[in-house]
Amino acid sequence: MSAQPRAAEAGPAEGADAPSVAAIADFLRRMRNGIEDGLDPTTAARRATDELPRALRDAVDRISRRLRGEYHEDEWGFDEEFAEAVYPFFEFLYEVWWRVEAEEVRNVPSHGRALLVANHAGALFPFDASMILGAIMKEHPLPRWARFMVLDWAFVLPFVSVFVRRVGGVSANPHNAIRLLEQDELVMAFPEGAKGTGKPFSERYRLQRFGRGGFVEIAVRTGAPIVPVAVVGSEEIYPKLGDATQIARAIGAPFVPITPTFPWLGALGLIPLPSKWRIEFCEPIDLSGYGPDAVGDRRLLFEISEQVRETIQRKLYENLIKRGSAFL
Amino acid sequence: MARRLPLRTRFQRDVSELEGYFDNFSRRHPHLTCCMLRYQPEIGPGLEMPLVRYLSLPLVPVQLGFDPRLQLVHADDATGALEAATRNPVRGPVNVAPSGAISLSHILRLARRPSVPLPHPLFGPTLERLGRRLGAGPLYGDGVRLLRFGRGVDNRRLETEIHYQSRFDAVAAVRDFAARSMGRRVLTSFHPGDVLDMVAGARR
């Protein structure tokens, strides 16, 4: 008796997949018939495809286009097709795993340049950039891909380097940021850098020093508004308890975190904990009034940098209270 | 902009020394217009260059987990930029590179070359051994690093100050190279894209 309702539940999910499976089986059967009739394999294959459903033919066509190299990458190595292909995985993390709640996404300009500045956390793999990206893609009325600044060290790692670059990561340096903003892109920067991701769990949500305020200089120079972003939840995904300094020095990493699961569980330790996230986009700070002379004014740049930092810190505390329990 | 990373290899140190000499010389002789063209690797069917020979291998080894972003200068643009620079010289370094960039995997797909991913510590020695047998020769100085990390440079000075408009962007240069170079191929007729095309019934 108890098995029956479960079978009924599984029904629709299987049903969605069934046509394509049936179509493939059909295709193989027709192809075998063709070969048995004395046709050569290519002709048989071509005839058998004539009756494939449209969606499947489109999928095959897409893959074949990909393999022939008929796709576009921009000069930063961003590959929109690739980003779209991996998007569902991040959608899963966004909706199911971390249950992200995004607020005031409308503060992100829907066109033109803008610099998103956020707190940085997540010792092993900082997912905050991908979740901010997810919030813009899912909740913004005019979704757009954002580029994010990534620590150089990520580009030394096999697979990670390729992946990060194809979804919009750019090696973090002022030259790249300025050029991206001049191309009217949406750029994400994490001024805390490795100091933010590498801080111990006990110091979570305490913002580190914001570099030397270089991000403000970039924004002033390009006339891009700064949108402060507060991300709550990213600190709990990999609670960093210790630091393997010796290993970090040996492989040239900024730090090698020790978490309750990593490295003890090996690859399983890479699975982030399912904390609950909130992302708040604050009011954009318009810097276009300062003009190019302000670039040399260290004091002004520092003041704006501190203002952004305080905004993010305040919003972090507010959202921590709104979120309540970290995992439930 | 100040250098951010330490110079690691011999080639990098040599180049930096050269640029240092160039800087000093042009500062001491302000009456001379010193223009330095920094070329990205050149590409063209007839060129005897390590990277071109590498791309013409019948089976191209690549580094597992890396897909460098490259800008390859078409041979016509390489000479064109030189000519434009002599006619319209500017002071200081100018990057000669096509607009846009292309990743190695994309190049190999366009050139229809099968690739063999190797763990990166094995890449250099293998290429050397394979190269000797197939006539590709080892890559120059930093070629192995270039084929791991890639490089993208800002070519705006070439366009706005020397006023040279590249005829080929990064993708077009590779397409032209692929169309005009025959090279040696082990699997002439086979390409996974073709098989899928047949399945999809697409006719090109």
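Here are some conditions: (1) buried (at least 21 other Cβ atoms within 10 Å of the Cβ); (2) at pLDDT below 85. Residue B:47 meets all but one. Which one does it not meet? Single failed check for residue B:47: (1).
Of all the criteria given as (1) modelled with pLDDT of 90 or more; (2) farther than 21 Å from residue A:133 by Cβ, the one not satisfied by residue A:248 is (1). So the check is Cβ under 6 Å with 6+ separation or different chains; which pairs have a first residue in the range A:48-72 that's farther than 15 Å from residue B:171 by Cα and a second one that's of a type in the set (Val, Ile, Thr)? That search, which allows pairs on different chains as well, returns A:49/B:199; A:60/B:199.
If a residue has to be free of Cβ contacts under 8 Å to residues at least 60 places away in the same chain and more than 14 Å from residue B:82 (Cα to Cα) to count, how many in the range B:34-51 make the cut? Here the count works out to 4.
Being hydrophobic (A, V, I, L, M, F, W, C) and modelled with pLDDT of 85 or more is a property that residue B:179 has.
Residues of the range A:206-239 being of a type outside the set (A, V, I, L, M) and either assigned to a helix (DSSP H, G or I) or within 19 Å of residue A:134 (Cβ to Cβ) (or both), which ones? Once the filter is applied, which keeps residues that are of a type outside the set (A, V, I, L, M) and either assigned to a helix (DSSP H, G or I) or within 19 Å of residue A:134 (Cβ to Cβ) (or both), the range A:206-239 yields A:214, A:215, A:217, A:221, A:222, A:228, A:233, A:234, A:235, A:236, A:238. The condition of being buried (at least 17 other Cβ atoms within 10 Å of the Cβ), of a type in the set (D, E, K, R) and away from chain B (no Cβ under 14 Å) holds for only one of A:184, A:128, that being A:128.
Residues considered: B:5, B:72. Of these, the only one that is under 30 Å from residue A:166 (Cβ atoms) and without any contact (Cβ under 8 Å) to a residue 40 or more places away in the chain is B:5. Within the range A:286-303, can one find any residue that is outside any helix (DSSP H, G or I), within 22 Å of residue A:129 (Cα to Cα) and not polar (S, T, N, Q)? Within the range A:286-303 (the criterion being outside any helix (DSSP H, G or I), within 22 Å of residue A:129 (Cα to Cα) and not polar (S, T, N, Q)), the answer is no, since none of the residues qualifies. When B:71, B:40, B:63 are screened for being within 14 Å of chain A (Cβ to nearest Cβ), in contact with a strand residue (DSSP E or B) (Cβ under 6 Å, 6 or more places away or on another chain) and at negative phi, only B:40 passes.
One residue stands out in the range A:292-323 among those that are among the small types (Gly, Ala, Ser) and in contact (Cβ under 8 Å) with a residue 40 or more places away in the chain: the one that is surrounded by the most Cβ atoms within 10 Å (Cβ to Cβ), namely A:305. Only one of the listed residues (B:52, B:96) is away from every other protein chain (no Cβ under 14 Å) and surrounded by 22 or more Cβ atoms within 10 Å (Cβ to Cβ). That residue is B:96. Condition test on residue A:223, is it touching a residue at least 40 places away in the same chain (Cβ under 8 Å), over 19 Å from residue A:314 (Cα atoms) and not acidic (Asp, Glu)? Judged against the criteria, residue A:223 is a match. Evaluate the following for residue B:84: is it away from every other protein chain (no Cβ under 14 Å), in contact (Cβ under 8 Å) with a residue 40 or more places away in the chain, surrounded by 15 or more Cβ atoms within 10 Å (Cβ to Cβ) and out of contact with any Asp or Glu (no Cβ under 8 Å at 6 or more places or on another chain)? Against the criterion (away from every other protein chain (no Cβ under 14 Å), in contact (Cβ under 8 Å) with a residue 40 or more places away in the chain, surrounded by 15 or more Cβ atoms within 10 Å (Cβ to Cβ) and out of contact with any Asp or Glu (no Cβ under 8 Å at 6 or more places or on another chain)), residue B:84 qualifies.
Within the range A:184-205, no residue satisfies the criterion of being free of Cβ contacts under 8 Å to residues at least 24 places away in the same chain and assigned to a loop (DSSP other than H, G, I, E, B). Do we find a residue being at pLDDT 85 or above, more than 13 Å from the chain's Cα centre (by Cα) and among the hydroxyl-bearing types (Ser, Thr, Tyr) anywhere in the range A:117-134? Scanning the range A:117-134, I find no residue that is at pLDDT 85 or above, more than 13 Å from the chain's Cα centre (by Cα) and among the hydroxyl-bearing types (Ser, Thr, Tyr), so the answer is no. Please go through (1) part of a helix (DSSP H, G or I); (2) buried (at least 23 other Cβ atoms within 10 Å of the Cβ) for residue A:154 and return the number of the only condition it doesn't satisfy. So residue A:154 meets the others, but not (2).
Condition check ((1) on the phi > 0 side of the Ramachandran plot; (2) hydrophobic (A, V, I, L, M, F, W, C); (3) not in a helix (DSSP H, G or I)) across all residues:
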position	(1), (2), (3)
B:51	no, yes, no
B:58	no, no, yes
B:77	no, no, no
B:86	no, no, no
B:90	no, yes, yes
B:100	yes, no, yes
B:105	no, no, no
B:109	no, no, no
B:112	yes, no, yes
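Considered as a group, the residues in the range B:114-129 that are in a helix (DSSP H, G or I) and without any contact (Cβ under 8 Å) to a residue 60 or more places away in the chain include one that is nearest to the other protein chains (Cβ to nearest Cβ), and that residue is B:120. Looking only at residues in the range B:130-150 that are outside any helix (DSSP H, G or I) and at pLDDT below 90, the one that is nearest to the other protein chains (Cβ to nearest Cβ) is B:142. Where helices (runs of 4 or more DSSP H) fall wholly inside the range A:18-94, the ranges with 3 or more residues that are within 13 Å of another protein chain (Cβ to nearest Cβ), at negative phi and crowded, with 18+ Cβ neighbours inside 10 Å are A:41-49, A:54-68.
The values are calculated or read from the model by the stated rules, or taken from the named source; none is laboratory data. The model shown is predicted, which means the values in this text are computed figures rather than measured ones. All Cβ positions, even for glycine, are placed from backbone atoms using ideal geometry, and neighbour counts span all protein chains on display.
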